[in-house]
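In what follows, a structure is listed as structure tokens, so that the remarks can point back to it.
The values are calculated or read from the model by the stated rules, or taken from the named source; none is laboratory data. The structure displayed is predicted, hence computed values, not measured ones. Backbone-built Cβ (ideal geometry, glycine too); neighbour counts: all protein chains shown. These accessible areas exclude ligands, DNA and RNA; they are computed on the full protein's heavy atoms, side chains included. Shrake-Rupley method; radii C 1.70, N 1.55, O 1.52, S 1.80 Å.
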Amino acid sequence: QVQLVESGGGLVQPGGSLRLSCAASRRIVGFSTMGWYRQAAGKQRESVAIMSSGGNTNYADSVKGRFTISTDNAKNTVILQMNGLKSEDTAVYYCNLIVGFGNYWGQGTQVTVSP
């Protein structure tokens, strides 16, 4: 079992930056993917940025060039650096981990982009 805890959300003005962190309760070895999803009010949850165990990354078209996903050397934290934020980035952001037969989610952190 793995617990994921997100942090770093908040209120930011358009054009600003935020750094989201997702800490796993233990070092993750042999994961399939780690990544971030988001869900805006009244919309379905969507993939934002995904990293495979081999280091390959996949970004939603809407965030390419603005968001960057990374992990720390201990492989127990996944980071989402968000720059150039837009109002349409407002959502609850969720961390996700797929390892073995497990599919784990964090509790979510709110990101609000508003003047």
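With N denoting the number of residues in the chain, provide Rg(C-alpha) divided by 2.2 N^0.38 Å, to two decimal places. Let's see the in-between values first.
On the way: Rg = 13.4 Å, N = 115, 2.2 N^0.38 = 13.4 Å.
This ratio for the chain stands at 1.00.
The residues of the chain expose, per residue, 52 Å² of accessible area to a 1.4 Å probe.
Using C-alpha pairs below 8 Å separated by at least 6 residues, the relative contact order for the range 30-115 is 30 percent.
What does the extension gain come out to for LEU11 and GLN107, with contour length at 0.36 nm per residue minus their alpha carbon separation? Mind showing how you got there, number by number?
Numbers: separation 96, 0.36 × 96 = 34.56 nm, distance 1.79 nm.
Contour length minus the Cα-Cα distance gives 32.8 nm.
With the simple model of a label 7 Å out from the Cα in the direction of the Cβ, GLN1 to SER47 spans 2.9 nm.
Size of the dipole of the chain about the Cα centre, Lys and Arg at +1 and Asp and Glu at -1 on the beta carbon, nothing else charged, in debye to 20?
Working: 10 positive and 6 negative charges, 26 e Å.
So the dipole magnitude of the chain works out to roughly 120 debye.
Can you tell me how much longer the chain between ARG26 and ALA40 gets when fully stretched, taken as 0.36 nm per residue apart minus their C-alpha distance, in nm with one decimal? Working shown, then result.
On the way: separation 14, 0.36 × 14 = 5.04 nm, distance 2.92 nm.
Computed gain between ARG26 and ALA40 is 2.1 nm.
Residues considered: GLN39, GLN13, GLN81. Largest GNM mean-square fluctuation over the chain, using C-alpha springs under 10 Å, is found at GLN13.
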